[in-house]
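Derivation of every value follows stated rules applied to the coordinates shown; laboratory data play no part. Just so it is clear, the structure is predicted and the values come from calculations on it, not from any experiment. Positions of Cβ are generated from backbone atoms using ideal geometry, with glycine treated the same way; all protein chains shown enter the neighbour counts.
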Amino acid sequence: MHPLNRNTIPANSYPERIIQFGEGNFLRAFADWMIHEMNKKAHFNSGVVVVQPIEQGLVKTLNEQDGLYTLYLNGIKNNTAISEHQIIDCIQRGINPYENYSSYLAIAENPDLRFVISNTTEAGIAYNSVDKLDDKPQSSFPGKLTALLYKRFQMFEGAKNKGLIIIPCELIDRNGDILKKIILQYATDWNLGGAFAAWINDNNIFCNTLVDRIVPGHPKNKMEAITKELGYHDKLVVEGEQFHLWVIEGPQSVRKEFPSDASSLNVVFTDDMEPYRTRKVRILNGAHTCLVPVGYLYGIDTVRESLEDDVVGSFLKDAIFNEICPTLDLPKKELEQFANDVLDRFRNPYLEHKLMSISLNSISKYKTRVLPSVLEYIKRKNELPKKILFSLASLIVFYRGSKNGETIKLADSQEVLSFFTEHWSKAKDNSYKTARAITGSVLSKQDFWGLDLNTLEGATELVSKYVHVIITKSMRVALEGFNTEQRNINV
């Protein structure tokens with residue numbers, strides 16, 4: 001069986017217009033796939049030069065395969081579970097600047113270069129005061145990029161049309177703004193001159209982005225069957241889900257140069273990405289956080305099984321569509337489409353997403369992902385959101401640390417764990433009085449929530465009732481109570 005490369009598999013070649021910092025699974029299953037699609041469908045005609053951002057990486061393997069690799073997309077597409085694969089051919093070569101720094105800097109001399117894409121982990125966009133222009137290479141990603149941009153500035157004598165469009169994918173807020181700020185700091189530290197700083201400001205575009213696609217990565221345990229199916233050896237097979245979203249905040253000129261519209265890709269260009277970030281955090285991440293204690297105490301282990309269960313699935317859908325979505329400002333149709341996409345992702349039969357694997361630091365997650373929906377719902381509706389407050393009650397019971405006599409392996413800060421251990425250990429019975437005392441203490445913990453939740457009118461009584469019914473009658477009874485017309489639990 002032959003290896004995958006351009007001698008054994010016919011593949012297209014493209015002019016190098018994109019420099020990509022990062023060769024990992026995410027970029028290859030996300031950005032490179034989109035570039036591949038735009039090359040096929042929108043005549044983007046753009047090849048990628050991959051730069052390995054740290055000393056250890058996959059560039060050697062990538063070059064052995066001439067930049068080719070196989071991408072499997074598995075998940076729900078048009079209401080059908082689909083697994084499909086294709087060879088991605090947009091990457092033309094890779095460079096390891098730790099082994100060949102001169103080749104790295106030479107990329108700057110390419111007059112056709114137009115885009116920079118990166119994913120160097122959340123810690124990658126960081127200032128390192130030790131970096132110097134003469135380093136070969138600089139240790140940080142922003143340091144490397146500054147050196148490249150300065151080389152380009154010198155090569156083309158500050159030409160306005162030789163600036164680049166920079167689209168970072170690191171999962172930090174305002175990633176483009178932060179990257180630009182660090183580059184300008186290096187320009188000052190390294191005495192690169194006011195003209196260079198002005199060129200960075202005026203002739204390069206730094207976009208802020210939000211990226212969304214689950215990428216399980218290299219399917220190591222399935223490679224024997226995959227190799228047999230493909231008929232060739234591929235060391236860089238990567239798996240991703242069908243869903244994808246790329247929100248790019250920047251000028252409309254970027255949209256004109258990045259033809260995602262003509263390729264039917266889910267890329268949103270906007271001058272304000274904050275509503276989209278809020279949508280993702282509240283609906284996708286918030287739904288996860290709401291689900292974990294409810295589904296687990298109900299007796300379910302995975303996200304998919306939770307959606308497939310009539311009772312738990314109904315609870316989660318009601319929470320999303322009737323209590324979370326109404327707190328957001330994007331058009332209702334757009335919110336509902338995103339919510340339905342989220343539910344399809346949760347149902348993905350190719351992923352086994354354990355509830356306990358996403359239970360880490362659930363208290364802080366509730367504060368950032370769910371509590372804003374609680375507060376906004378009260379503000380807009382002048383009433384309490386029963387579903388997502390029920391999930392708070394479930395969280396309080398979850399942090400009791402036991403289910404049907406078995407220990408729950410809680411994962412949180414020692415402060416959080418000690419607090420719940422202390423309060424639950426004082427519970428002498430399952431009376432409403434006990435439930436009310438514990439609930440009041442939890443809601444008053446401003447270190448957890450940023451405010452005393454007991455000040456929300458009616459919240460303490462409602463959450464206490466939910467806690468009481470869960471510990472006395474079971475999660476199953478509590479959830480079935482939500483399916484009544486009153487959408488209440490009587491105790």
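A few comments on the model shown:
- Radius 13 Å from Cβ of Arg380, net charge of other residues (Lys, Arg +1; Asp, Glu -1): -2
- Using C-alpha pairs below 8 Å separated by at least 6 residues, the relative contact order for the range 1-129 is 33 percent.
- Taking the range 16-270 and dividing mean pair separation by its residue count, relative contact order in percent (alpha carbons under 8 Å, at least six apart): 22 percent
- Rg over Rh, two decimals, the chain (C-alpha only, Kirkwood Rh): 1.03
- Equivalent ellipsoid semi-axes - Cα gyration tensor, the range 1-80, angstrom: 21, 16, 16
- Antiparallel content of DSSP bridges confined to the chain, in %, to 5: 40 percent
- Positive-end extreme of charge dipole, the range 295-363 - chosen from Gly299, Leu316, Ser359 (charges on Cβ): Ser359
- Grouping the Cα pair distances of the range 378-491 into 5 Å bins from zero gives a pair-distance distribution of 2, 11, 22, 25, 20, 13, 6, 1, 0 percent in increasing distance order.
- The reciprocal of the average 1/r between distinct C-alpha atoms defines the Kirkwood hydrodynamic radius, which for the range 16-270 equals 18.8 Å.
- With K and R counted +1 and D and E -1, the other residues having a Cβ less than 13 Å from that of Asn78 yield a net charge of -2.
- With N counted as the residues of the range 105-172, its alpha-carbon radius of gyration over 2.2 N^0.38 Å works out to 1.14.
- Along its first, second and third principal axes, ordered by size, the range 274-481 spans 49, 38, 33 Å in Cα coordinates.
- Candidates Leu236, Asn201, Trp449 compared by Cα position along the dipole of the chain: farthest toward the positive end lies Trp449, with charges placed on Cβ.
- Along each principal axis, Cα extent of the range 220-351, largest first, Å: 50, 50, 18
- Working from Cα pairs under 8 Å separated by at least six residues, relative contact order for the range 129-209 is 37 percent.
- Charged-residue dipole, Cβ positions (Lys, Arg, Asp, Glu), the chain about Cα centre, Debye nearest 20: 740 debye
- Dipole magnitude (debye, nearest 20) for the range 274-481, charges at Cβ of Lys, Arg, Asp, Glu: 220 debye
- Order of Trp190, Trp246 - criterion: other Cβ atoms within 10 Å of each residue's Cβ, fewest first: Trp190, Trp246
- Reduced Cα scattering model of the range 264-316, Debye log10 I(q)/I(0), q = 0.12, 0.27, 0.32 Å⁻¹: -0.39, -0.97, -1.22
- For the range 16-270, the Cβ-based charge dipole about the Cα centre amounts to some 320 debye (Lys, Arg positive; Asp, Glu negative; other atoms uncharged).
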